[in-house]
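For reference, the structure discussed in these notes is given below.
Derivation of every value follows stated rules applied to the coordinates shown; laboratory data play no part. Worth saying up front: this structure is predicted, and the values here are computed from it rather than measured. When we count neighbours, we look across all protein chains shown, and the Cβ atoms used for this are built from the backbone with ideal geometry, even at glycine.
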Amino acid sequence: MTISPQNCGHLSAARLRAADPREAGHVLARTRRDFLRSAAGVAVGNTLLRSYWARAAASPAKRKVIVVTFGGGARDQETFAPEGQENIPHLMRELIPQATFFTQVVNRGILGHYVATASLATGVYETINNFASLPPQSPTVFEYFRKGLKRPSSDAWVVAPSNGFNRIGESSHRSYGSGLGARVILPKHLLTAATSGRSDDYQHLLRDNYETPYYAPELAGSEFELQQLEMILKLSVDDFKAHAQTLSSPDELSVYIAHQLMRQVSPSLLWITMHDIDIAHAGAYSLYVEGIQRTDRLCSDLWKTIQSEPEYAGRTTLFILPDFGRDYDDDAGGNGFQHHRTGDVLSRTTWMLVAGPGIRENVVFDRAMESTDLVPTLGSLLGFSTSLAQGKPIAELL
Ligand SMILES: [Zn+2]
């Protein structure tokens with residue numbers, strides 16, 4: 001049976017049910033590949049042809065990387081399937097034609113947002129408690145980057161969606177850790193500090209997580225946040241509060257902060273974790289889809305900012321990938337889109353989009369790779385060692 005754009009989503013569902021997990025992952029990847037070929041005209045990449053990063057314009061010292069996690073998980077029915085593509089017009093029409101797209105990024109770790117993001121950032125499947133305020137156990141990419149290239153703390157930043165992510169920038173590993181990590185900015189914490197706790201007008205921007213139980217530490221003190229705002233982001237409290245009133249969601253707030261950071265500090269390694277989509281846990285399908293549509297638009301906004309900021313234009317590689325997916329409708333152990341608790345193939349088989357100078361455009365690869373391959377790939381692109389990471393550099397990008 002041939003897969004056409006009209007039937008590939010459904011075919012995938014039927015075949016996924018019948019297949020063993022490994023085969024089901026391949027089926028899903030090929031289905032995504034065939035959908036992108038027919039809906040976006042993307043060519044299938046030849047793994048033997050290397051990219052030409054080494055010959056790209058920017059010298060290694062000037063290269064920058066921005067990683068966006070497309071959280072918290074979206075399924076193909078709502079994205080890369082015929083019935084989902086209307087939700088991601090910016091990815092489909094603007095980004096994919098300029099990108100290399102990988103259809104089979106498998107996450108074999110724990111499917112909780114904090115621990116999965118920590119795994120993406122360390123290249124090791126972390127086993128820390130998802131609901132505790134703990135640092136990753138293995139060195140993060142930020143530590144490898146800063147130690148390997150002797151970069152200052154201002155050159156690696158994380159913009160994180162939840163106060164529970166406050167430890168993501170730096171591991172507890174004894175050879176790395178203390179003082180070598182990324183600076184972490186928590187936009188909600190910043191907003192709380194700026195409004196001195198009188199935040200009634202901003203509640204829609206301050207919701208900290210969509211799952212329970214969730215330990216979101218009460219972060220003490222607002223001095224450091226206000227200092228970040230004024231000294232680093234060059235924003236007055238009043239300007240920040242006024243602009244925040246024009247924003248509709250926590251991720252919009254994060255992207256606003258990221259833009260400000262790019263303009264004022266221009267870090268070479270910037271990691272932005274999106275989280276609006278995870279509102280799916282509340283059970284309202286329309287809010288989940290709205291989250292996907294917003295994330296799609298915000299990814300495009302970031303790409304445009306990269307092209308328009310002199311510090312980033314022509315030298316920045318953008319990585320977009322989900323931390324993991326969400327449950328499949330027919331799995332009796334779950335409740336469809338609402339959660340990610342069954343550990344089924346759909347919730348583990350994600351994708352990755354990469355764009356920037358030296359990265360091939362409009363190609364798709366469907367071989368299996370792992371979430372842990374991200375960190376070694378970043379190390380190879382920017383020229384630092386990631387010796388304790390489990391994954392392998394992605395050859396198609398190097
Ligand atoms: Zn979630």
Rounded to whole angstrom, the alpha-carbon centroid of the stretch 85-108 lies from that of the stretch 335-362 at a distance of 9 Å
Residue separation between residue 243 and residue 154 times 0.36 nm, minus their alpha-carbon distance, gives in nm 29.6 nm
With no solvent term and unit scatterers on the alpha-carbon positions of the chain, Debye gives log₁₀ I(q)/I(0) at q = 0.06, 0.07, 0.09, 0.13 Å⁻¹ of -0.21, -0.29, -0.49, -1.07
Bounding extents of the stretch 125-245 in its principal axis frame from Cα atoms, largest first in Å, are 44, 35, 20
Once both label points are put 7 Å beyond Cα along the C-beta direction, the residue 108-residue 207 separation in nm becomes 3.5 nm
For the stretch 53-204 the translational diffusion coefficient, Stokes-Einstein from a Kirkwood Rh over Cα pairs at 10 °C and viscosity 1.306 mPa s, in µm²/s, is roughly 89 µm²/s
Mean Cβ-within-10 Å packing, highest first, puts peptides 260-267, 110-117, 193-200, 368-375 in the order 110-117, 368-375, 260-267, 193-200
A convex hull over the alpha carbons of the stretch 193-352 yields, per residue, a volume in Å³ of 136 Å³
Quick numbers on the stretch 295-398, Rg and Dmax over C-alpha atoms in Å, give 16.4, 51
Ranked output for segments 384-390, 309-315 by mean other Cβ atoms within 10 Å, highest leading, reads 384-390, 309-315
The convex hull of the Cα atoms of the stretch 96-181, divided by residue count, gives a volume in Å³ per residue of 128 Å³
The extension gain from residue 367 to residue 134, computed as 0.36 nm times the residue separation minus the Cα-Cα distance, is 80.5 nm
In the chain the DSSP beta bridges are antiparallel at a rate, in percent to nearest 5, of 25 percent
For residue 147, the aspartates and glutamates lying under 15 Å Cα to Cα, once residues fewer than eight places off in the same chain are dropped, come out as 155, 170
